[in-house]
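Chemist: Before we start, here is the structure in question, set down as structure tokens.
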Amino acid sequence: MKKFLLLLIAIPFLSLTTINDRDQFIGKWIDEKEKGFIEFDKEGYVMLGSLDDPYGGKDFVINGKRVSMTYQIFEETTPIQLDIILTEFESGKQKKMLCIAQFISDDKMRLQMDVTGNRPTEFNEEKQVYFNREL
């Protein structure tokens, strides 16, 4: 009987999802100033840029080279670590933009990026960007 009660108590906790769930990122996010966006798809590709000049995704050209832009999420960290990876098709060479993210709600997150190779460890009011999910 004790095992049965323990099981009844444990099942709800096992079914809880965390706010760091990868699926939480999927969708198009518009920055609060409505000048830029970032869009994560289920296949692992990401697009970003200004609303009238997007780039990224599976296959696009930058500086005359075919590239793809993907993302990798490290959910077990706080804040969430996010890598945006630019990969050249021909050489396989990669460049990473190291980011941190935090969900404020299901439809609002803040993101801070670094292109110098140093991942931010905490949010900086001047460098972070707030995004709202496009509904």
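Chemist: Sort out which residues of region 61-94 are in contact with a Phe, Trp or Tyr (Cβ under 9 Å, 6 or more places away or on another chain) and not in a strand (DSSP E or B), and write them in order of number.
Modeler: P79
Chemist: Can you find a residue that is under 21 Å from D23 (Cα atoms) and modelled with pLDDT of 95 or more anywhere in region 112-122?
Modeler: Yes, region 112-122 contains a residue that is under 21 Å from D23 (Cα atoms) and modelled with pLDDT of 95 or more.
Chemist: Listed residues I38, I62; which is surrounded by 12 or more Cβ atoms within 10 Å (Cβ to Cβ), more than 22 Å from A101 (Cβ to Cβ) and either modelled with pLDDT under 95 or within 11 Å of the chain's Cα centre (by Cα) (or both)?
Modeler: After ruling out the rest, the residue left standing is I62.
Chemist: Then there is this: How many residues are touching an Asp or Glu at 6+ places or on another chain (Cβ under 9 Å) and over 19 Å from I26 (Cα atoms) if we restrict to region 63-92?
Modeler: Summing the residues that are touching an Asp or Glu at 6+ places or on another chain (Cβ under 9 Å) and over 19 Å from I26 (Cα atoms) in region 63-92 gives 4.
Chemist: Given the structure, is L86 over 21 Å from E134 (Cα atoms), modelled with pLDDT of 95 or more and surrounded by 17 or more Cβ atoms within 10 Å (Cβ to Cβ)?
Modeler: yes
Chemist: Within region 115-128, does at least one residue satisfy the condition of being more than 24 Å from G64 (Cα to Cα) and in a strand (DSSP E or B)?
Modeler: No; the residues of region 115-128 include none that is more than 24 Å from G64 (Cα to Cα) and in a strand (DSSP E or B).
Chemist: Within the set of pairs 6+ apart or on separate chains, which have a first residue in region 66-80 that is closer than 21 Å to P54 by Cα, a second that is acidic (D, E) and surrounded by 15 or more Cβ atoms within 10 Å (Cβ to Cβ), and C-beta atoms under 9 Å apart?
Modeler: Between residues of region 66-80 that are closer than 21 Å to P54 by Cα and residues that are acidic (D, E) and surrounded by 15 or more Cβ atoms within 10 Å (Cβ to Cβ), the close pairs are R66/E88; V67/E88; S68/E88; T70/D83; Y71/D83; Q72/D83.
Chemist: Just one of (1) modelled with pLDDT of 90 or more; (2) closer than 15 Å to S105 by Cα; (3) part of a loop (DSSP other than H, G, I, E, B) trips up I19, so point out which.
Modeler: I19 satisfies every listed condition except (1).
Chemist: Could we say that I30 is crowded, with 16+ Cβ neighbours inside 10 Å and either in a strand (DSSP E or B) or at pLDDT 95 or above (or both) here?
Modeler: So I30 fits the description; yes.
Chemist: Same structure again: If we scan region 95-114, do we find a residue that is part of a loop (DSSP other than H, G, I, E, B), polar (S, T, N, Q), surrounded by 16 or more Cβ atoms within 10 Å (Cβ to Cβ) and touching a strand residue (DSSP E or B) at 6+ places or on another chain (Cβ under 6 Å)?
Modeler: no
Chemist: Part of a strand (DSSP E or B), in contact (Cβ under 8 Å) with a residue 24 or more places away in the chain and among the aromatic types (F, W, Y) - does that describe any residue in region 42-56?
Modeler: Yes, there is a match, as at least one residue in region 42-56 is part of a strand (DSSP E or B), in contact (Cβ under 8 Å) with a residue 24 or more places away in the chain and among the aromatic types (F, W, Y).
The values are calculated or read from the model by the stated rules, or taken from the named source; none is laboratory data. Computed from a prediction, not measured in an experiment: that's the story for all the values here. Positions of Cβ are generated from backbone atoms using ideal geometry, with glycine treated the same way; all protein chains shown enter the neighbour counts.
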